[in-house]
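K.L.:
One structure, pasted below without further comment.
The values are calculated or read from the model by the stated rules, or taken from the named source; none is laboratory data. Since this is a predicted model, take the numbers as computed values, not measurements. With ideal geometry, Cβ positions are generated from the backbone for all residues, glycine too; neighbour counts draw on all protein chains shown.
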Ligand SMILES: [Zn+2]
């Protein structure tokens, strides 16, 4: 089996101990790359956390915005549609539509965060 020297620890190891990248093996062995990644995380764990938190927040905001826009559009459509059987029934229908959409917003919010 072919061996290769790691540029970090200097140990000669079989090629299976190196990651493959773009058809070639990495200069450092798997163990060294893993420990470097761990060191980087330990040195600055907040950076990774903040990054993912920001992404979730952005994603949630966009989703809520879309749902709110859809809700407004749905209500506007309902308003334009002709009255079916008097005002009372139409008002009840509107209320139900809003309730359903509020539920959708809750589900999407909690679903994303959890
Ligand atoms: Zn190594």
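K.L.:
Search the stretch 36-61 for residues that are closer than 24 Å to residue 9 by Cβ and pair each with any residue that is modelled with pLDDT under 75 when their beta-carbon atoms are under 7 Å apart and the residues are at least 6 apart or on different chains.
P.N.:
Final answer for the pair search is 41/48.
K.L.:
Here is a further query. Considering only residues that are more than 27 Å from the chain's Cα centre (by Cα) and within 27 Å of residue 52 (Cα to Cα), look in the stretch 21-41 and name the one that is nearest to the ligand (Cβ to nearest atom).
P.N.:
It comes out as 32.
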